[in-house]
Amino acid sequence: MLKPEIEDGQASLADPEFRGDVLSGLARRPRAIPARWFYDRRGSELFEAITELPEYYPTRTEVALLQSACPEVATRVGKGRAVIEFGSGSSTKTPRLLHCVDPAAYVPIDISGDFLRASSAELAKGFPDLAVLPVEANFMHPVPLPAEVADMPKLGFFPGSTIGNMTPHVAADLLRAMRESLGEGAMLLIGIDRVKDAGVLVPAYDDAAGVTGAFNLNLLDRINRELGATIPVDAFRHKAVWNDDASRIEMHLEAVRDVVFTVEGRPFEIAAGETIHTENSHKYGERGARVLLRTGGWTPVAEWTDPKGWFSLILAEA
Ligand code: AVI
């Protein structure tokens, strides 16, 4: 996932990057705010709740796939690799992989130091003999790895179809950066959500219980709280649409009436029906996923999917 930016109390009010993204995103047309800002404490909790919704199939499908494919993944990657996870390990996915791959070291990389330290400490409890070496960094760029793993072959791990939250162009850049971070002889295990019927996709992003709606609208609460904005949150509604041309689910916040508000004193007017684009979740066909990997410098060597073909786990080599 795009990783949680968990804050301690009031400490990081008015993050300058958040401020810049919100002010410029609300001023441009179409209006858009990057999805990474969903993940304050409340947003992270809501995302966890999303992963358990009946309509949100990706998490449970990928976890089951990891479970069933793991012995073969272990055979293919061999012994003595360092597992490098892009994003802090999730409590359900990472232990599954580590148990069967039995790595020589585990390096989680995340931009959010607080979240990284907390999740690494939690994970280390379950693997007392494993060297857990967290690295606080932005993995969108090549990341220098700890000296301890310099001579070990690497297995990159990027689950959750987080790659889908980037445009294909940015996703290919990220794959290239990962290749550079991991070095010669590396392998990559990546989860990618597949294209499927819009009748399955749209409810996954617009659930009956309204949790995804709350997740989307929480962004406005965050803007009000952290940037002293006056957005009437009840003037917006959550909208999830399938954009077939771009092969992605888009999430928007749609104004249900004309609204006027300020962010840090700057006035904004949004007309009824206008939207703020808040997230893309790209879905790939079987070929499309392989082409993306190749564009990013990786050669797919094995692929696993669930019986419905909804999600794929791909092993690739550098
Ligand atoms: C984190 N990411 C892979 C999720 C997705 O499915 O694109 C984020 C999400 N947004 C709404 N529901 C889930």
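FYI, it's all coordinate maths here, none of it is from the lab. Everything quoted here is computed from the prediction, not taken from an experiment. Here the Cβ positions follow ideal geometry from the backbone for every residue, glycine too, while neighbour counts run over all protein chains shown.
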**OP:** With a/c under 1.5 counting as rounded, go ahead and sort region 85-236 into rounded, prolate or oblate using the C-alpha gyration tensor (a ≥ b ≥ c being the square roots of the eigenvalues; past the cut-off, prolate if a/b is larger than b/c, else oblate).
**Re:** prolate
Original post:
What is the order of Glu55, Glu184, fewest Cβ neighbours within 10 Å to most?
Top reply: Glu184, Glu55
Subject >> Farthest positive-ward along region 177-315 dipole, Cα basis, beta-carbon charges - from Ala246, Phe236, Gly191 >> reply: Gly191
Original post:
In what sequence do Thr295, Thr75 fall when counting other Cβ within 10 Å, fewest first?
Top reply: Thr75, Thr295
Subject >> Under 11 Å, Cβ to Cβ, from Ala69 - net charge with Lys/Arg +1 and Asp/Glu -1 >> reply: -2
Original post:
Roughly how big is region 153-275's charge dipole about its Cα centre, with Cβ charges of +1 (Lys, Arg) and -1 (Asp, Glu), in debye to the nearest 20?
Top reply: 360 debye
Subject >> Among the listed pairs Lys93/Lys239; Lys79/Lys125; Lys93/Lys154; Lys79/Lys308, those beyond 24 Å (Cα-Cα) >> reply: Lys93/Lys239; Lys79/Lys308
Original post:
Using a simple spin-label model with points 7 Å from Cα along the Cα→Cβ vector, what separation in nm is obtained for Asn138 and Glu317?
Top reply: 3.4 nm
Original post:
At what distance in nm do the modelled label points of Thr299 and Ala118 sit from each other, each positioned 7 Å from its Cα along Cα→Cβ?
Top reply: 4.2 nm
**OP:** Would you be so kind as to identify all helices of the chain, as entire DSSP H runs, whose Cα atoms reach 18 Å or more along the helix's own axis and whose mean Kyte-Doolittle hydropathy is at least -0.5?
**Re:** 57-77, 113-126, 168-182, 211-227
**OP:** Please report the relative contact order for the chain, taking Cα pairs under 8 Å with a sequence separation of at least 6, and give it as a percent rounded to a whole number.
**Re:** 20 percent
Original post:
Measuring from label point to label point, each 7 Å out along Cα→Cβ, what is the Thr262 to Asp15 span in nm?
Top reply: 2.5 nm
Original post:
So what's the net charge close to Asp244: Lys and Arg +1, Asp and Glu -1, counting the other residues with Cβ under 13 Å from its Cβ?
Top reply: 0
Original post:
At a Förster radius of 25 Å, what calculated FRET efficiency corresponds to the Cβ-Cβ distance of Asn243 and Thr92, to the nearest 0.05?
Top reply: 0.25
**OP:** Starting with the fewest neighbours, write out Met166, Met251 ranked by other beta-carbon atoms found within 10 Å of each beta-carbon.
**Re:** Met166, Met251
Original post:
What whole number of Å gives the distance from the Cα centroid of region 111-174 to the Cα centroid of region 222-251?
Top reply: 29 Å
Subject >> Stokes-Einstein D for the chain, Kirkwood Rh over Cα pairs, 37 °C, 0.692 mPa s (µm²/s) >> reply: 161 µm²/s
